[in-house]
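Since the structure comes first, as structure tokens, the remarks are kept for the end.
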There are 4 protein chains.
Amino acid sequence: MVNHISPINKETRRERRIERQRKVIMDAAAGLFAQKGFQATTTKDIAEAVDMGESTLYGYFSSKRDVLQAILSHQAEMVDALLDNLAELKDRQSFVEQVDRLMEMILSRTVYNRVLIAEAWRDDEVLWAYVISRWQPVMDSLQYFIAVRIKDGIFRPIEPALGARMIVACFIAAIMPVLRGVEAPPSPERRLNLARMIVETISNGLYIQKG
Amino acid sequence: MVNHISPINKETRRERRIERQRKVIMDAAAGLFAQKGFQATTTKDIAEAVDMGESTLYGYFSSKRDVLQAILSHQAEMVDALLDNLAELKDRQSFVEQVDRLMEMILSRTVYNRVLIAEAWRDDEVLWAYVISRWQPVMDSLQYFIAVRIKDGIFRPIEPALGARMIVACFIAAIMPVLRGVEAPPSPERRLNLARMIVETISNGLYIQKG
Amino acid sequence: MVNHISPINKETRRERRIERQRKVIMDAAAGLFAQKGFQATTTKDIAEAVDMGESTLYGYFSSKRDVLQAILSHQAEMVDALLDNLAELKDRQSFVEQVDRLMEMILSRTVYNRVLIAEAWRDDEVLWAYVISRWQPVMDSLQYFIAVRIKDGIFRPIEPALGARMIVACFIAAIMPVLRGVEAPPSPERRLNLARMIVETISNGLYIQKG
Amino acid sequence: MVNHISPINKETRRERRIERQRKVIMDAAAGLFAQKGFQATTTKDIAEAVDMGESTLYGYFSSKRDVLQAILSHQAEMVDALLDNLAELKDRQSFVEQVDRLMEMILSRTVYNRVLIAEAWRDDEVLWAYVISRWQPVMDSLQYFIAVRIKDGIFRPIEPALGARMIVACFIAAIMPVLRGVEAPPSPERRLNLARMIVETISNGLYIQKG
DNA sequence: CATGAATGAGCGTTCATTCAT
DNA sequence: AATGAATGAACGCTCATTCAT
């Protein structure tokens, strides 16, 4: 029976509508921020992109900067969720899977990440709040993974911090042109293949070892 | 016997003075661009940083954008000079040296490079004119280096393009936090050591190979 | 039965309001342009004259030059309408009437015309777009009128082009001080009288002919 | 004997040199003012036109406005000299000569007069100081000439003021396009011919009188 | 006397934000 | 809730003028 609409339902429905609108604005804004940069994007640009009056935006966000913050936060939430589910790195196969999954996640939010990188590159607050604080656990986990294997005599005695950085760098290198918008995103198969090659190279190096 | 002050001397002295002033402005502007971004930096900011009237800047540069271009070009010239001197990649030792030299070069112009990256990240023209067109030879050279070794059975059959990207990524990974301004630059010894570890890892992988 | 306030009414009302505002700005600007010239008049001057914020002007015009263009165009429209209605010059009486009507039209938009003359005096584009291209038909018509009468032996064999120019010059001479703002506009009676004297003098000359 | 150069000579020579330089600057400036208007002409424009440093101009004139004033004054002096020599208007032949001489004088200083008209059109001070006060005697003389002839029954009973205005207007009409820069200056023969036609038309009208 | 360099004042224009409706 | 209109506070840039040399 929906004849009677409770105020609570009404409220939540309204809230959902607002949240939906916020998302629409954020997506449009992210696209523009990615393309032209945050500063160069005007509120008029955003308003036109979502076919609204400029002043209407201020019903959903308190300022242009607030739109950016919302984009970064929203992105951060998704990353957090995914990073929480990062399984322990047991073997090479699971490593490949993790790398593939991370690539997929990042690529599925290309514009958001392009904006994130652009802003983090100059704004220290953004760098700390949305990049370092989020990725530190991953780096720590990677370093631990490496350190343990070095102690066990499985890995060469490289600095774990540098090793972790190189691993991340290799996998980012593969997708950076896509993030930057100068290359098409890879197909899922291609992506998995990339992940395999990256893990293989990082693990065994470029040289074929003579037994 | 020349006149005490020949007109030619006078002219060159004047030119040197102008060039010196341009350099002062470029350095100050690069610092601000790196910190706040090109758009967010005002001509007033730059003028105050070099303690000049705003209009005086326009005696040395024709526009704010012209200051940016000068910074990017100046940087590009240095890169070009260095890339021209890139020796052929013969052995691992020379590889390490090249990586070390590149790191040194990039780190010696930290702010300029930070600006370059920031602008290239959003401005396609900058990306092509100052990054892709300059670095393409390096990437090509690297790919060729890899392809040859794969054919000779020395390297694993990885995609040369991906391999080249990973090599560059690894070496950039080591210095990115310095460029970003969140880490102190490495000492020359430390830098050489980094180069060695990077080349070692890229060459032989993380795993110790069992014979 | 229409809605109390139909959207169409709303829209046209808004449009009328905008048009009214544009007119207010144009009148104030024309006064300033006439007094100090286009270049010497600042957007601040105009804004203060209409008691608006400077930036508000840009909601109605896209640039300072656009205000000028609107003034010139607006004036041009009126002239066009009037010139279209120029009756054929049949006899001296209709000639007087035409001269009177032209004078009235020009004097009714004194400041606009003062601006037009000032700008046409230095800006070739304005001269061609708003003066020559508009008045050429009048001059042509006058020349034709003269040429026919010369052929019929009614007029002296003067150059038609010079004759046309002198006719226009005489009638402009009568009102130029008013346009310039150093003389009060003539009453309608005075104006008609002026027209009569001008046509009389141009027709029969200053000298009383001895039969 | 000029071996001994007196300080007085030196001084006057210096003064002549200065006066010569002032003239060079005024001519260049007048050309620019005529072309682009006073406001739109920059001191840099003028300096470049005379191949001087901008600041050097200030050794000869105290301000940009001062250059304009000098141009207008210089022009006024020449006009004054000529107007003083205006012979009494005795007969039609002398009238034609006067008109021709005035045309020649005005056309020989085309740019100066174009500037004068432009400035007088908006600047009341210029209008009074350089136009009205100079030309009033001419107009008065013309009015008197007309009034006398009306009284003697030679001229039709037109308002002398209007008659004078029409005479001047007719002769200006003939050369205005030259002043404005859209027509080539007439040859001396053509000019004399124009003067004749103008005086003829003004005197006897367009219509051929039937005896 | 000539000038390169410097600059304060001000220009036309933009834009994030506010507010009345 | 939505928006057209308004605007203050800048912005990049120009230019007449000054001044040290």
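Every read-out reported here was derived from the displayed coordinates using simple, explicitly stated rules and does not represent laboratory data. Small disclaimer: the values here were computed from a predicted structure and weren't measured. Glycine gets a Cβ as well: all are built from the backbone with ideal geometry, and neighbour counts include every protein chain shown.
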- With springs connecting C-alpha atoms under 10 Å apart, model chain B as a Gaussian network and identify which of B:ILE150, B:ILE25, B:ILE167 has the largest mean-square fluctuation. B:ILE150
- Message: Give me the one-decimal Kirkwood hydrodynamic radius in Å for the stretch A:116-208, with the sum taken over alpha-carbon pairs.
- Response: 15.1
- Query: How many percent of the alpha carbon pairs in the protein assembly as shown exceed a separation of 37 Å?
  - Reply: 65
- Query: Hey, what do the phi angles of the stretch B:94-101 turn into as Karplus ³J(HN,Hα) couplings, whole Hz, using 6.51/-1.76/1.60 and θ = phi - 60°, x for Gly and Pro?
  - Reply: 5, 4, 4, 4, 4, 4, 4, 5
- Query: Copy-to-copy spacing for B:SER141, label 7 Å out on the Cα-to-C-beta vector, in nm, shortest first?
  - Reply: 3.9, 7.9, 8.7
- Quick one: Cα centre-to-centre distance for the stretch C:156-177 and the stretch D:19-59, in angstrom? 36
- Query: If you wrap chain D's Cα atoms in a convex hull and average its projection over all directions, what's the area in nm²?
  - Reply: 16.8
- Item | Principal axes of the stretch A:10-69: Cα extent on each, largest first, Å | 38, 18, 18
- Got the B:ARG16 label distances to the other copies yet, label 7 Å along Cα→Cβ, in nm, shortest first? 4.6, 7.6, 7.6
- Mean 1/r over all different Cα pairs, inverted: what Kirkwood radius does the stretch C:24-118 give, in Å? 14.7
- Query: Quick one: in chain A, whose Cβ comes closest to the A/C rotation axis, and how close in angstrom?
  - Reply: A:SER55, 4
- Name the residues of the stretch C:106-137 whose amide N is less than 19 Å from a point 7 angstrom out from the Cα of C:ALA184 along the C-beta direction? C:107-111
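Which whole number of Å³ per residue matches the convex hull of the alpha-carbon atoms in the stretch B:75-142? Don't jump to the answer; show the numbers that get you there.
On the way: hull volume 5.3 nm³, N = 68.
So the per-residue Cα hull volume is 78 Å³.
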